[in-house]
4 protein chains.
Amino acid sequence: MVNVGVIGYGYWGPNLVRNFNSLDGSRVKLVCDIDESALKRVKRAYPGIQVTQDVNELISSKNIDAVIIATPVITHYELAKKALGEGKHVFVEKPFTYKAEQAEELIEIGEKKRLKIMVDHTFLFTGAVRKIKQLIEEGVLGNLLYFDSIRVNLGLFQHDVNVVWDLAPHDLSIMDYLIKDQPIAVVATGEAHYNHGLEDVAYITIYFSRNMIAHLNVNWLSPVKIRTVLIGGDKKMLVWDDIAPDDKIKIYDKGVEIETKEGVYDLLVSYRSGDMWAPRIDQAEALKLEAEHYFDCLENGKKPINDGMSGLRVVKMLEAANKSLKKKGELVYL
Amino acid sequence: MVNVGVIGYGYWGPNLVRNFNSLDGSRVKLVCDIDESALKRVKRAYPGIQVTQDVNELISSKNIDAVIIATPVITHYELAKKALGEGKHVFVEKPFTYKAEQAEELIEIGEKKRLKIMVDHTFLFTGAVRKIKQLIEEGVLGNLLYFDSIRVNLGLFQHDVNVVWDLAPHDLSIMDYLIKDQPIAVVATGEAHYNHGLEDVAYITIYFSRNMIAHLNVNWLSPVKIRTVLIGGDKKMLVWDDIAPDDKIKIYDKGVEIETKEGVYDLLVSYRSGDMWAPRIDQAEALKLEAEHYFDCLENGKKPINDGMSGLRVVKMLEAANKSLKKKGELVYL
Amino acid sequence: MVNVGVIGYGYWGPNLVRNFNSLDGSRVKLVCDIDESALKRVKRAYPGIQVTQDVNELISSKNIDAVIIATPVITHYELAKKALGEGKHVFVEKPFTYKAEQAEELIEIGEKKRLKIMVDHTFLFTGAVRKIKQLIEEGVLGNLLYFDSIRVNLGLFQHDVNVVWDLAPHDLSIMDYLIKDQPIAVVATGEAHYNHGLEDVAYITIYFSRNMIAHLNVNWLSPVKIRTVLIGGDKKMLVWDDIAPDDKIKIYDKGVEIETKEGVYDLLVSYRSGDMWAPRIDQAEALKLEAEHYFDCLENGKKPINDGMSGLRVVKMLEAANKSLKKKGELVYL
Amino acid sequence: MVNVGVIGYGYWGPNLVRNFNSLDGSRVKLVCDIDESALKRVKRAYPGIQVTQDVNELISSKNIDAVIIATPVITHYELAKKALGEGKHVFVEKPFTYKAEQAEELIEIGEKKRLKIMVDHTFLFTGAVRKIKQLIEEGVLGNLLYFDSIRVNLGLFQHDVNVVWDLAPHDLSIMDYLIKDQPIAVVATGEAHYNHGLEDVAYITIYFSRNMIAHLNVNWLSPVKIRTVLIGGDKKMLVWDDIAPDDKIKIYDKGVEIETKEGVYDLLVSYRSGDMWAPRIDQAEALKLEAEHYFDCLENGKKPINDGMSGLRVVKMLEAANKSLKKKGELVYL
C-alpha cells in the first residue's frame, strides 16, 4: 500500500486525488492547499482524507510515501526538493521545473536517495499517443520526416507564464516520447498582445540531428479550438485530431516515391495515394493509467517513461524556446 | 478592344486564355509555347488563335497590346523586360520575379513608358479574400493581432524552386493585400527531404511595425490538404477554410476583454464567446474578375491592386524568407 | 423546501439524484432500488441519503413531497398511480407510460388531487432546443415546412422495447414542444434483425393539419452516431447538429422564392442563398434547469412545459407509430 | 467505329457529347435540340458535328448507329421507340420511362430487333459505387441489414415531376445494383409546399423478401447538401459520404454480436467496435466509363449492367412510390 499526499487542489488537483485514491494499493491520506474553500471541497467529497494548509506538515508526514505536487511551476523545485529531502517519492505537474538546472538537481537527489521522480506528462498515457508510439516503433510510418502540431484556442491566460510555458509542454513531452532522434536546436517566434509582455501566440521549430523537423503552433487567441498533429513518415503519414469525436488517428498510405536514374539530373517524383486507416483507440482515462504506472514503478523498481529525465528534456526545450523568442527567432542550441 | 498574347500554355495557361478570350473588349490573338503539343491543344480549342514557338515573334507582334507571361519564374524578368521594351503592357504569373532588383527595374521601365504591370495574384479576386478585405476595412475585426495560414498537401514537387517559392506567394500576396501594417522582418525555418536540398516543409514568421504577427506553414508532404487562415482581431476573429464546400469564412464574436484596475498589478481577463456568422461569398471565378480588372486599369488608367509594387513586396518577403531559411531562422530585415 | 424520493438508481438515476440534491430548496431524502449494489453506490456518494429496496416504503414516506420515477417504462403507470394516491407529486422518466390510457388516467388523478406531474423530456431544457424555440416563436424561420430528425448510432439494445420506444420519445417531445401545428396521423416502417422481433431500425412520418411534415429516422445499428435535425421554414432554414462540439445550431438564409404571375401557368422559382448564422448556445446542464423548473412549478403553481399532457401526446404518437409499424406503414390517425 | 446522335443539349447533354465524342472507336455525328442557341453552342465547341432541330432527321439518319436520348422523361418512350424502330441502339437518360409498361415495351422491341438499350444510371460507374459493389460481393459487409440514403439540398425544382422522380432514380438504381435481394413493396410519404402539388420532400421505404430494409430521404428544400448512404451489414458497416472531398467511403468494423444461450430467454448482446478503413476510390469520370461500357457491350454483344431491365426495375419502384405517396404511405406491392 502506497500512501500519498497531494499539494494543490485547484484545477487539476481533484483529478489527481480521484485517480490516485481509487487505485488498488494506493490511498490519498492528506491534501494541502492554502485556499480554505478548496479544503472544504476535499472534505465534502472525501470525508476520510485529512487536509492541511501547512505544506511542511504534509511533506514531513510519516503517513505518506509519495508527494504529488500540483502547484504553479515556480514552486515545483522547492517543494520537490523538500519532499525528496524527507525521503518521499515525488510526482510533479508539468512542466517539471522553471529552470533546467533545478530539474538536474532534483534528478541527482532522487538518484542518490533512490527515490522515484515522475513528471505528469499525462498525454503519454492517452490511447492516441500509445497507439502512435506503437505505430512508430513497429515501423509503420517509416523514417519520420516531420512532426507538426497545432494547439490553439481561446486560452486561459496565465498570469505568470506565456503561452509557450502553458501549452508547449504537452507537445514537447509527446514529441520527446515519440521521436527517438536527438533535438539539436530551437527557433521560436511569437508576439504578446495583452498580458504584460507575456506572449499569447508563438511558433516553435525544433531541428534534429538529421533532417527531421518539428514545429509547434501555440496560441491563446484562436476563436476555434484546434488540436492537430501531423506526422510525416517516408512510408506512411498520420493525422491525429484530438478534438474529433471518433477516428482521432488516421494513417494515410500516401507519400512520395523518388526514383533517381543514373546520369539523369532531373528528379523523378511520383506520388502514392492509397487507403486510409483509423485504428481503434483505447478509451481508458490517461491519468488512471499514469497513476498505475507510477505505482508499478514504485513497487517494482521500474523506470517511469515520464521520469525526471524526460521532464528535464522538456524544460530544456522550453528554456531554449523562450530564449529564442526573446531574440526573435535566434537559433538556440540545446 | 485590347489584344493579348500569351506566353506559356502549361498548367495555368489554358485558364488564362479561356478567361482573357471570353471578356468583352479583349481578344487573345497569339499564344507561344516551346512545346508543339501545347500549341496543338490551343489550335484544337481555339481555331482562331495564332500560335508560335518563337517568343520574339509574339512579343514584337504589332497585333497585340499586352503580353501575358505564364512561364517559370526564372524567365519572368527577361520576358517582361522585352515586352515592356516593345511597348506592351504585361501581366505576369506570380511570383513576379526571382529577385527583388529585377522587379524594381521592371517597375521603373513600366513607369517610364507608362505601361501597366499586373502580377497574377489571383487569390485577391476570390470571393473569400474580397469579403475578408471588406470586413477588415469596415473595422469588423478591429485591430488585427495575428494572421496564421496553413497551406499543406501532398504537393507537386517543383524541380527548380522550394516549397516557399511555390506556395508562400499565395499567402504573402493575400497578407500584403489585407494587412496595411508594415512588415519589418522575417524568420523562416524548414527542411528538405527529397529534392536536391530544396525545402519541402517550411515555416515563416513575419514581424510587423507593431505587435501584429503573421505565420505561414507550407508543406508539400502532408497527407491531407489544408488551406486554413486564422485572423485574430481585438473585436472579432475569423477562420477561412478554403477547402470547405460551404461557409468558407466564419466570423466569431470571440475575444479577450482586459480590464486593468488602477493600482492593481494583476490582469483581469475575461472571455467573450458570442455568435458565429458565415457571410455569403461571391462565387464568381477569380481569374475572370482579375482579367476584367486588368482591362479596366488599362483602359481607364487605374492602378491595379496587384500592380508591380505588390509583386515586388511579395518577392522581397520571399527573398528574406529564403535567406532566413538558409541560416536556420536568422532574423532578416526587409 | 421540497423533499424528494427517487425510485431507480440505474443509468439515469445518479444524474437525477445529483441534480435534484444540489438545488437550493430541494433535497433527496430517499432512494429506492431493488439492486443492493446500486444502493451501496448511493450511500458511498451521499452518506446522508436514506436507501431502501421497498418501493412502498418510499412512496408512503411522510418525509417526501415528490417521487421521481426512473424505472423501466412498463412500471411507470403503477408507480406513479401509487405515488399520486399517497399525495405525492411525480416526476416520471420518458416515455410517460406504455399506453395512452394510462397517461390519461394519471393526468386525471393528478388534476383531481392537485398534484403536479412532470415527464422527463430533458431535451426541452437544453440550450439548443430553447434557442430553436425562441427562433420559431420570434418568427425567424417563418412558416415551418418540415422537421426532419436523424438519431442513429450503435445503440444499447433494450430487451423490452424497440428502437421507436427507446429513441423516438426524444424527437417526439422536441417536436411537440417546438411545433404548434396539430399532428394528425402517423406512418411508420422498420425492421427487426436481432432482437426477438423488436425493431432496431425505424422510420416515422407524422402528418399535420396543414402541409407541414415531420420525419424521424431512428436506428440502433448505425456505425456512426448522428444526431441531426433539419427544420425548414419559408423564411429561413435551420440545421441542429447535436454532436458538433461548437456551432450546434446553424441558421441559413436560404430558401425558395415563388412568383406566380397572373395568367402564367409556369412556376417562377428562384433561390435565395444568403448568410449563415450560428447563435451562441447556453451551456447550462439541461437536467439542472429541468429540476429548477419542476420546483418553480411546484412552489408557484405553474404548469410545467413538460406536464402530463405533453407526456400523453408523445405516448399517443408512439402508440400510433408502433401500430403503423406492425402494419407496414398503414396510416394511423391520432 | 460507332456513330452516335444525341437528342437534347441542355444540362446533361454537353457532358454526354464530350464523353461519347472523345472515346476511341466512337464519334458523335449529329446533335438535335429544339433550342437554336443550344445548337450554336454545339457548333462553337464542335465545329465538326452536324446539328438539327428535327428529331426525325436525327433518328432516321443513315450516319448513326446509336441514339442518345437526353430529353425530359415524358418524351423518352416515344423517342426510344422511334429510334429502335429505325434500327438504332439507344442510350436513355434516367429515369428510363414515365411508365413501367412503356419500359417493358421498349425492352421487348430491343430484344426482338437485337438492339441494345442502356439507361444512364451514371452513378453505377463512379469509383464509390464500384468499390461498394466489390466490398459487398467479396462478403466484407456480410449479410446486409439496411440501406439508408439521404439526398437533400436546395434543389432545382422541376416543373413536371416531383422530388421522387427527380432524385430517387439515383438511389434506386444504386440500390438495385448493389443489393441482390428482391424488393417486395414500397411505402412513401411526403409533402408538397410550393409546386402545384408536386412533392418537394419525400421519404421512401422499400421492403425486401427478407428482413433487409431500404430507406430514401429526398428533399428539395434543405439548406445543406447531404449525400450520405449508410449500409449496415452483419459483419461490417459502411458510410458513403459523396460530398466529402476525401475518404468518401468508410468501412467500420462495428456491429452487434448476439449470443443466445440455451434455456436463457434474455438476449446477450455485445458490441464490436474496431478499426475504420477508407479504401482508395478510383477518380475516373463515371460517364466516360459508362460510355466505354456501352461501346464494349455494342461491339462485343455483352449485356449492360444498366440495361433496359435495370431501368424497368427502377421505374417500377418509382411508380409504386408515387402511388403510395398519393395514398399517404399505403403499402404498394411491386
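The values are calculated or read from the model by the stated rules, or taken from the named source; none is laboratory data. Quantities reported herein were computed from a predicted structural model and do not represent experimental measurements. Heads up, the Cβs are rebuilt from the backbone with ideal geometry, glycines too, and the neighbour counts pull from every protein chain shown. In case anyone asks, the SASA skips ligands and DNA or RNA and just uses the protein heavy atoms, side chains included. Shrake-Rupley method; radii C 1.70, N 1.55, O 1.52, S 1.80 Å.
Key figures
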| quantity | calculated |
| --- | --- |
| Karplus-derived HN-Hα couplings along the stretch A:122-128 (A = 6.51, B = -1.76, C = 1.60, θ = phi - 60°), whole Hz, x at Gly and Pro | 3, 4, 4, 9, 6, x, 5 |
| Cβ-derived FRET efficiency at R0 25 Å, residue D:52 paired with residue D:114, nearest 0.05 | 0.35 |
| Whole-number percent relative contact order across the stretch B:2-115, with pairs defined as alpha carbons under 8 Å at least 6 apart | 24 percent |
| 17 Å reach of a label modelled at residue D:323, 7 Å along Cα-to-Cβ, counting backbone N of the stretch D:185-200 | D:185-189 |
| Separation of the residue A:41 and residue B:104 label points, Cα + 7 Å toward Cβ, nm | 6.1 nm |
| Formal net charge of residues neighbouring residue B:146 (Cβ-Cβ distance under 10 Å; K, R +1; D, E -1) | -3 |
| List C:41, D:130, ordered by accessible area with a 1.4 Å probe, largest first | C:41, D:130 |
| Alpha-carbon centroid distance for the pair the stretch A:33-102 / the stretch C:117-168, whole angstrom | 47 Å |
| 19 Å Cα-Cα reach of residue C:43 towards lysines, excluding residues that sit fewer than 8 places from it in its own chain | A:43, C:29 |
| Net charge of neighbours whose Cβ lies under 10 Å from the Cβ of residue C:271, counting Lys and Arg as +1 and Asp and Glu as -1 | +1 |
| Per residue value of the accessible surface for the protein assembly as shown (all protein chains in place, 1.4 Å probe), Å² | 41 Å² |
| Average beta carbon contacts from partner chains per residue of B:271-284, 10 Å cutoff | 4 |
| Shape call, the stretch C:85-195: gyration tensor on alpha carbons, a/c limit 1.5 | oblate |
| Chymotrypsin sites (Phe, Trp or Tyr not before Pro) lying in DSSP loop within the stretch B:1-58, provided at most 12 other Cβ fall within 10 Å | B:11 |
| Computed FRET value (nearest 0.05) for residue B:23 with residue C:282, which takes r as the C-beta separation and R₀ as 56 Å | 0.60 |
| Average Cα contact separation per residue, chain C, under 8 Å, 6 or more apart, as relative contact order % | 18 percent |
| Qualifying GluC sites (Glu not before Pro) in the stretch B:225-321, DSSP loop, other Cβ atoms within 10 Å at most 14 | B:262 |
| Average partner coverage of C:184-192, which counts Cβ from other chains inside 10 Å | 6 |
| Value of D in µm² per second that Stokes-Einstein yields for the stretch D:1-152, Kirkwood Rh from Cα pairs, at 10 °C (1.306 mPa s) | 94 µm²/s |
| For chain D, the fraction of alpha-carbon pairs in successive 10 Å shells from zero, as % | 6, 23, 31, 25, 11, 3, 1, 0 |
| For the protein assembly as shown, share of DSSP beta bridges that run antiparallel, in % to the nearest 5 | 60 percent |
| Counting DSSP beta bridges with both ends in chain B, the antiparallel % (nearest 5) | 60 percent |
| Phi-based couplings in Hz for the stretch A:7-12 (Karplus 6.51, -1.76, 1.60; Gly and Pro marked x) | 9, x, 10, x, 6, 9 |
| Label-to-label distance, nm, for residues given as residue C:257 and residue D:258 (7 Å Cα→Cβ offset) | 5.5 nm |
| Projected area, mean over directions - the protein assembly as shown, Cα convex hull, nm² | 58.0 nm² |
| Residue pairs, from the table D:94/D:133; A:180/A:225; C:82/C:326; B:225/D:248, whose Cα atoms sit over 25 Å apart | A:180/A:225; C:82/C:326 |
| FRET efficiency, 1/(1 + (r/R0)^6) with R0 45 Å, evaluated for residue C:78 and residue C:300 via beta carbons | 0.90 |
| Cut-off under 5 Å, modelled amide H: who pairs with residue C:215 long-range | C:147, C:148, C:149, C:206 |
| Contact order relative to length of the stretch B:243-334, as percent, for alpha carbon pairs under 8 angstrom and 6 or more apart | 19 percent |
| Within 10 Å of each Cβ in B:138-145, the average number of Cβ atoms from other chains | 1 |
| Carbon plus sulfur fraction of accessible area for the stretch C:2-115, probe 1.4 Å, in percent | 47 percent |
| Helix-only mean residue ellipticity at 222 nm for the protein assembly as shown, each DSSP H run of n ≥ 4 adding -39500 (n - 2.57), per residue, nearest 500 | -10000 deg cm²/dmol |
| For chain D, size of Cβ-based charge dipole, Lys and Arg +1, Asp and Glu -1, in debye | 540 debye |
| Along each principal axis, Cα extent of the stretch B:172-260, largest first, Å | 52, 36, 26 |
| Highest to lowest packing among D:275-282, C:33-40, D:32-39, scored as the average C-beta count within 10 Å | D:275-282, D:32-39, C:33-40 |
| For the stretch A:246-259, 3J(HN,Hα) per residue [Karplus equation, 6.51 cos²θ - 1.76 cosθ + 1.60, θ = phi - 60°, Hz, x = Gly/Pro] | 9, 6, 5, 10, 10, 10, 9, 7, 10, x, 10, 10, 10, 10 |
